[in-house]
Amino acid sequence: MAARIGIFAVVVAVFLSIPAFSSAQDLQIVNAERRIDLSSHIVKAFLTLKVENIGKNPAAEMLLAFSPTQIKNLAMVQALAITGKKKKKTYLPLDVKPTEQPDAPNDTGYYRVTFISPLGPGETVSLEVLYILTHSLEPFPVEITQSESQLVYYHDSAVILSPYHVKQQTTFVKTPSTRVESFTSIEPANRAGKEIKYGPYENRASYSYAPVIIHFENNSPFAVVEELVREIEISHWGSLQITEHYRLTHGGARHKDVFSRVDYQSKRSVSGASSFNALLAVLPPRVNSVYYRDDIGNISTSHLRTGFRKSELEFEPRYPLFGGWRATFIIGYRVPLEDYLFEASDGRRYLNFTFGCPLVETIVNKLTIKVVLPEGSKDPSAVLPFTVNQELQVKYSYLDIVGRTVVVLQKDNVVPTHNVPFQVYYTFKPIYMLAEPFMLVSAFFFVFVASLAYVHIDLNIARK
Amino acid sequence: MAALESPQPAATTTAMRHAFGNVLSVLILVLIGVLAFSIRLFSVIKYESVIHEFDPYFNYRVTQFLSKNGIYEFWNWFDDRTWYPLGRVIGGTVYPGLTLTAGTIWWVLNSLNIPLSVETVCVFTAPVFSAFASWATYLLTKEVKGSGAGLAAAVLLAMVPSYISRSVAGSYDNEAVAIFALIFTFYLYIKTLNTGSLFYATLNALAYFYMVCSWGGYTFIINLIPMHVLLCIVTGRYSPRLYIAYAPLVVLGTLLAALVPVVGFNAVLTSEHFASFLVFIIIHVVALVYYIKGILTPKMFKVAVTLVVSIGMVVCFIVVAILVALVASSPTGGWSGRSLSLLDPTYASKYIPIIASVSEHQPPTWPSYFMDINVLAFLVPAGIIACFSPLSDSSSFVVLYIVMSVYFSGVMVRLMLVLAPAACIMSGIALSQAFDVFTGSIKYQLGGSSNSTDNAEDTNNAPKDDASAGKTDKGEEIVKERSSKKGKKKEREPADKPSVKSKAKKKALVLPLETSIVALLLLIMLGAFYVIHCVWAAAEAYSAPSIVLTSQSRDGLHVFDDFRESYAWLSHNTDVDDKVASWWDYGYQTTAMANRTVIVDNNTWNNTHIATVGTAMSSPEKAAWEIFNSLDVKYVLVVFGGLIGYPSDDINKFLWMVRIGGGVFPHIKEADYLRDGQYRIDSEATPTMLNCLMYKLSYYRFVETDGKGYDRVRRTEIGKKHFKLTHFEEVFTSHHWMVRIYKLKPARNRIRGRAKKLKSKTTSSGWSSKSEKKNPWV
């Protein structure tokens, strides 16, 4: 009996799951155009798809497939639906979620894009997909000297990996300079200036794959933050203190042999082409009390420009970073509270702040954001547009007794496109603000009372 | 200050005045503390909150260790990051006072949930303790000449440049707390001497213990106090109070001092402490004599004296003979090198180049006296005269203190620091007395027609709002009138006599009105000049952290942060166990900032080791490589100022490397590096100089910067411009070339076919046997 129920359950499950991938066979991509931008170390790919439902049932969603190496380094996938023609084009963001498929060949990874409205049979829809890859440029040679420039490999497929039949497709790869050592040619493929064009390829079956390797020069700064801890401390006395601990490294080809300062200073154009020395952090407007230091003190090479929209902090690490070199530093600043802390309609307060890393064109391998709520706040909850690891901690700061609740948000593989607002909701009674001043006042009061008492009490045993 | 009780109901108004005066004194003292603290913050404001110089980095590192691992780990700390491969027992070789103080402050703050970093606590320890030091000065001077002089001395000490130079924010060195401990120990000694209270005697021993914990300069205390005791005995001032002030200090103090690991048995074994034991014996003999004198008739006493003197002579002779024999049997005569160079100023330069090489161990010049104590130098004689009228036990002590410290400061510029408090006390007394006389005569002249002398004196007692114009007389009367709550009536006795005398003198010291006013104005001007000088010294001369340099040019402030640049590079881009060789000056900084193992550091305990590094630096490349390689060194760090004109670089220190190296390894001969008795790096330089490692590492590819190789420190073109390095390779040079780091190239590959391999093997072994004399580590 039990076995029968088990079999029945399996049958039902199989039956239920049929629509999910039956739609895979029902969709086809009429036209695909892919533009891969390799100009920095963050690989951005823009995919324009025209999807048609050739099945009989309406399809509510479609799948995007990525090779196992890509899925590992995939930082973000966004999809937009294009509606309207030519000038009246409007873009609507679509829901994109990672998903698993039971019959995935060779560990292919998938993302599921849900259409705004299910795609009826025979209908077509245009999609714009942006996906971002990190750590996908592999330096070769692995070690270079100061005078060499950095060459990297980029591995991909000439045809788009897709669970659907693709009727027509083209791929454009943009390299940062005209210096391309080699690229795998899959006819028709040609190179013009900074662009390599693969295709157009007609009628490729689902899961077609045509590996290509592009070997080219890329001297853009491979600034990788291995670990970034941002601590946002809310003070209801009027400011938000942000402290950011960076562990930065140069993620490109490792530096080998000599570092010669005389070459670096006098022949700047040919020497240390892949190294970088200047970094730019985009900070909020109205930022004040900015500091830039590391474990052993202040670092004097920085420059701050404040503006209405944003502030820019231009700074240099203590020494130029060559491949494989590391540096740690701390950036701290303060912003006025009223720009970031609001009261929700239900009486709760919420902090509205930007996620991600303020450094431009930087990959963060591990990002931890700690929101330190004021002492006495309750029921914290964080709202983010993507999934992160969350946990709660307690931190003791100036004269705390019960400690402050810390909302810890942790995410790996963060790119600048993750710099979107997030919210942390909590409840807080303003009376708690007075606890610490009251403690100080009473401490002083008791000191004076004690000294008063000491002066007036005669502890002598014998009277004079 | 304790509150005041009015002993006589009739004098309620006077008591009110005294109470008001006390409140004012407390307020002034608080302000003095604020002044002492804030004048030392120039370095934080002008630069940043950072640990300064060299030794403070070591103390900072030790404090970090202490706050992280606790006190027991600290006592047992064997540091393997320094003096590779020997290591150093930190817990047993460091004066722990400063570290424990800062560690305790940090611990207290953190247990109150005030999350200050260890670094912040370390930076601000010195300013906080200088506020304490000025309060201790107030107490000491008050015991000597009343609270007016105390306040004046405290103000002077709060901003004396000599002390500022050692206690600006960030100067986290032993002296920062030791000067407070020194003054406070002296205060408690004087207090015990004045009161004869065992309570203060015990406190005195504890304060001495704190001083022993804090600084090697404690030997100054343990020699100065016996000298004073001896002086008192010789001048017939022996009293039971003197005995109580001295005997417990020696017994308890020595026992406590022996508890400090770095002192240990030295507290009874080294010559520095012998004076105190000798005086200890003498004071007992004297006490016995006084006792016997008290119980015997004069005739009997004479007999006893002859008897005791003859026996005593014999005993003393034997003791002295044993002592001399003991002292003579030890090689340095039982005296450490630093102490010997105190007694014989030429000792160090003759025998110990490692002590002589430190600039702060050199004798000072006259301008440095003016720079460091300024107008106090002129006020000190006046203060000494004031101390002689009348001479009491306590004023004779401060006179002795100033005399001794003037001598020691003349030997070693660093001991100017010990002179400064003495000079402040003396000048405070002088200023206070002068103000007393002048304001007194003005008051007498103005109110002389209507008021009697008594009245004039009475108004004299009224508190003045002028801080330094507090009255000596007033102070003494307060001392006199105050019946202490603990019921120490003895306090009255010493104060009685001088007060009567000063009353008598008061009438004689009336000066004409105009003279008094002019003199007052001149004194105020002198004080103003002093204040201006101190603020200038604090702001300009003594606030530079020396790890970051700045220069003012036409296009704004230029910052030279090369040291930290290269330390940060070392700490992030080399392996954590790599060994870095540099001259010992940079040892502490390298371990603290770069967290890398060093061969030698600023704790110059092993001369041979330092000489080895000196030898390597002055050897040709190949030999230097051999030495460094045998020490497991991976990186060599040199400091080079030739590009930007930074004068204290390694080339300028090179003569000490040669001298110290040559002192141990005779094949390094100073004459080989000298041309006409001078170290030269220009075309006149000797070939040995041009081929030594230091020259090569400093000037490698230097010529390519300007085409000529012009050294801005030596103001000359370098002698050998184009050369290659064969055994070292440049791995890092800081932005202004101030720090250059080289890596030892790996030993050359010997696999070039079998025959050659064998051949090279034999030659290399032959070489090493030949070089055995040169290199102690192979």
Can you list residues from other chains, or at least 5 along the same chain, whose modelled amide H is less than 5 Å from the amide H of A:Leu399? B:Ile114
For the stretch A:178-217, what does the convex hull of the Cα positions come to per residue, in cubic angstrom? 67 Å³
Dividing the alpha-carbon radius of gyration of the stretch B:665-736 by 2.2 N^0.38 Å (N being the number of residues), what value is obtained? 1.16
Once amide hydrogens are built 1.01 Å from N within the peptide plane, the residues lying 5 or more places from B:Val598 or on another chain with amide H under 5 Å from its amide H are B:Thr82, B:Trp83, B:Tyr84, B:Val580
Take the Cα atoms of the protein assembly as shown, find their three principal axes, and give me the spread along each one in whole Å, biggest first. 137, 88, 75
Which percent of Cα-Cα pairs in the stretch A:30-164 sits in each 5 Å bin, short to long? 2, 9, 17, 20, 18, 13, 8, 5, 4, 2, 1, 1, 0
From the phi of every residue in the stretch A:245-254, what ³J(HN,Hα) in whole Hz does the Karplus formula 6.51 cos²θ - 1.76 cosθ + 1.60 yield, where θ is phi - 60° and glycine or proline is x? 9, 10, 10, 9, 9, 8, x, x, 4, 5
In the calculated pair distance distribution of the stretch B:159-233, what percentage of Cα-Cα distances lie above 21 Å? 32 percent
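Could you list A:Val51, A:Val364, A:Val129, A:Val449 so that the one with the fewest beta carbons within 10 Å of its beta carbon is first and the one with the most is last?
So the ranking, lowest neighbour count to highest, is A:Val449, A:Val129, A:Val51, A:Val364.
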Global size of the stretch B:203-326 as Cα Rg and Dmax, reported in angstrom: 16.3, 52
Within a 10 angstrom radius of the beta carbon, how do A:Ser136, B:Ser167 rank from fewest other beta carbons to most? A:Ser136, B:Ser167
Antiparallel DSSP bridges in the protein assembly as shown: what percent, to the nearest 5? 85 percent
Taking every pair of Cα atoms in the stretch B:14-85, average 1/r, invert it to obtain the Kirkwood radius, and report Rg/Rh to two decimals. 1.30
Post the alpha-carbon centroid distance, the stretch B:573-610 to the stretch A:181-195, in whole angstrom. 55 Å
Taking the Cα atoms of the stretch B:1-146, what is the range of coordinates along each of the three principal axes, in descending order and whole Å? 77, 35, 34
Starting from the 7 Å offset along Cα-to-Cβ, what nm value, one decimal, do you get for the label separation of A:Phe446 and B:Ser648? 4.7 nm
Could you list the residues of the stretch A:296-321 with an amide nitrogen less than 17 Å from a label point located 7 Å from the Cα of A:Val360 in the Cα-to-C-beta direction? A:302-317
Shape box of the stretch B:237-303 [Cα atoms, principal axes, largest first, Å]: 52, 20, 16
Calculate I(q)/I(0) for the stretch A:390-464 by the Debye formula, one identical point scatterer on each C-alpha and no solvent, and give its log10 at q = 0.15, 0.18, 0.19, 0.23 Å⁻¹ to two decimals. -0.80, -0.94, -0.98, -1.14
Would you calculate the separation in nanometres between label points at A:Lys88 and A:Asp346, each defined as 7 Å from the Cα along the Cα-to-beta-carbon direction? 4.0 nm
Extending each Cα 7 Å along its Cβ direction at B:Lys68 and B:Met300, get the distance between those two points in nm, one decimal. 7.1 nm
Rotationally averaged projected area of the stretch B:97-214 (alpha carbon convex hull; nm²): 7.5 nm²
Under the Kirkwood approximation applied to all pairs of distinct alpha-carbon atoms, what is the hydrodynamic radius of chain A in Å? 26.3 Å
How big is the stretch B:547-663 in terms of Cα radius of gyration and Dmax, in angstroms? 15.2, 49
Please arrange B:Met412, B:Met404 by counting, for each residue, the other beta carbons lying within 10 Å of its beta carbon, fewest first. B:Met404, B:Met412
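Grab the beta carbon distance between B:Ala671 and B:Asp578, set R0 = 45 Å, and tell me the FRET efficiency rounded to 0.05.
0.80
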What list of whole percents do you get for P(r) of the stretch B:705-752, with Cα-Cα distances grouped in 5 Å bins up to the one holding the largest distance? 5, 15, 16, 23, 20, 9, 6, 4, 2, 1
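Just how large is the dipole of the protein assembly as shown about the Cα centre, in debye to the nearest 20, putting +1 at every Lys and Arg Cβ and -1 at every Asp and Glu Cβ?
1540 debye
To the nearest 0.05, how large is the calculated FRET efficiency for B:Gln678 and B:Phe723 if R₀ is 22 Å and r is the Cβ-Cβ distance?
It comes out at approximately 0.50.
Based on alpha-carbon atoms only, what is the radius of gyration of the stretch A:294-339 relative to the globular estimate 2.2 N^0.38 Å?
1.45
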May I ask for the Rg/Rh ratio of the stretch A:175-254, computed from Cα atoms with Rh as the Kirkwood radius, given to two decimals? 1.28
What does the extension gain come out to for A:Asn389 and A:Val30, with contour length at 0.36 nm per residue minus their alpha carbon separation? 125.4 nm
Full extension from A:Tyr110 to A:Tyr454: what is 0.36 nm times the residue separation minus their Cα-Cα distance, to one decimal in nm? 116.1 nm
The stretch A:102-217 - Rg (one decimal) and Dmax (whole number), Cα, Å: 17.3, 60
Given Cβ charges of +1 for Lys and Arg and -1 for Asp and Glu, the option among A:Leu94, A:Leu392, A:Val415 whose Cα lies farthest towards the positive end of the dipole of chain A is A:Leu94
What are the equivalent ellipsoid semi-axes of the stretch A:308-464, built from the alpha-carbon gyration tensor (square roots of five times its eigenvalues), in whole angstrom, biggest first? 45, 23, 15
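Every number here is computed from the coordinates shown, using simple stated rules; none is lab data. Everything quoted here is computed from the prediction, not taken from an experiment. Neighbour counts run over all protein chains shown; Cβ positions are idealised from the backbone, glycine included.
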